[in-house]
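K.L.:
Can you read through this structure? Questions will come right after.
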């Protein structure tokens, strides 16, 4: 089972994957109206030279730049992308002009609105498939989940003896995290400038002492924002809960401290009176116990230090 939450991964049609490969552009079609393409600089013509490409009126494109840079103009919209950037759009048949670097590499899923909603649901996509599609473009910047999923799909496309089910599952994961990141980015853009400054100040105050977590009411009072806006704002701007933000930073600090301190010393310095509670929190964050992490970080240390 992949991590794609509410998405329907396989129905009877997807269970018999239809794969058509274009050796030049690495385009793979799972079913009519749903394909994935890995595009490199060599597929687009000379680098740093204007290229003109025809647009389509059928697909929604979910792109992720894996390497290099890409600048384009579609209608009145300009797109400037570099490694780690991602976007979703529908060009309504308009052609576009583009410049790309010589190391450019892009992963794109091309999918019809009906199939996208079938897989992800309108709540996540925000697309009404009953209405005719018009031009739109939404962009996001560097999301670790999107980057990791895009690289996994790229590796599976290049892998010899492709396993269709693994590739399909990886593309579904990519769709989920791409749509989730776009939605989160779109929400964060709606946070007012004043609230954004308050939330950044709240995060700074929250993380100022990792040995003593303040209460939500303390943080809210410190920056002059009510608790409800604080909690909603953290989720919108940072995509984390207030406590989740604190714990993630606390465990990252723990990983650093374990280089020069044993587990008990690290736990105490981060405000834990019970070492087992610290171990549980650390394992939840990293998937290993702090003692195992310490051995990996400093393999010459005694196992009993």
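Please treat every number below as a calculation from the coordinates, not as lab data. In this text, all values refer to a predicted model and were calculated from it rather than measured experimentally. Glycine also receives a Cβ, built like all others from the backbone with ideal geometry; neighbour counts cover every protein chain displayed.
K.L.:
I need the calculated FRET efficiency for the pair residue 73 and residue 259, taking r as the beta carbon distance and R₀ as 41 Å, to the nearest 0.05. Working shown, then result.
P.N.:
Numbers: r = 49 Å, r/R0 = 1.19.
About 0.25, to the nearest 0.05.
K.L.:
Could I ask something else about it? Mind pulling the angle between the C-alpha long axis of helix 275-286 and the longest principal axis of the chain? Nearest 10 degrees, somewhere in 0 to 90.
P.N.:
10
K.L.:
What angle do you read, to the nearest 10 degrees and between 0 and 90, between the alpha-carbon axis of helix 193-206 and the longest principal axis of the chain?
P.N.:
Long axis of 193-206 versus the principal axis of the chain: about 40 degrees.
K.L.:
I would also like to ask the following. Could you work out the percent of alpha carbon pairs in segment 21-188 separated by over 24 Å, rounded to a whole number?
P.N.:
Values: 4355 of 14028 pairs.
Summing the P(r) tail past 24 Å for segment 21-188 gives 31 percent.
K.L.:
Could you list 232, 50 so that the one with the fewest beta carbons within 10 Å of its beta carbon is first and the one with the most is last? Walk me through the numbers before you get to the answer.
P.N.:
Details: 232 15, 50 12.
Ordered by Cβ neighbours within 10 Å, fewest first: 50, 232.
K.L.:
Test of understanding: ordering 105, 228, 83, 149 by Cβ neighbours within 10 Å, fewest first, what list do you get?
P.N.:
Numbers: 105 21, 228 10, 83 17, 149 26.
The fewest-first ordering by Cβ neighbours comes to 228, 83, 105, 149.
K.L.:
OK, next. Pop a pseudo-label 7 angstrom from the Cα along the beta-carbon direction at both residue 112 and residue 80 and give the gap in nm to one decimal.
P.N.:
3.7
K.L.:
With n ≥ 4 as the cut-off for DSSP H runs, can you work out [θ] at 222 nm for the chain, using -39500 (n - 2.57) per run divided by the number of residues, rounded to the nearest 500? Walk me through the numbers on the way to the answer.
P.N.:
Details: 11 runs with 129 residues, N = 305.
After summing the helix terms and dividing by the residues of the chain, the value is -13000 deg cm²/dmol.
K.L.:
What distance in nm lies between label points placed 7 Å from Cα along the C-beta direction at residue 95 and residue 132?
P.N.:
For the pair residue 95/residue 132, the computed spacing is 2.3 nm.
K.L.:
Between helix 227-238 and the chain, what is the angle of the helix's C-alpha long axis to the longest principal axis, kept within 0 to 90° and rounded to the nearest 10?
P.N.:
Helix 227-238 sits at roughly 50 degrees to that axis.
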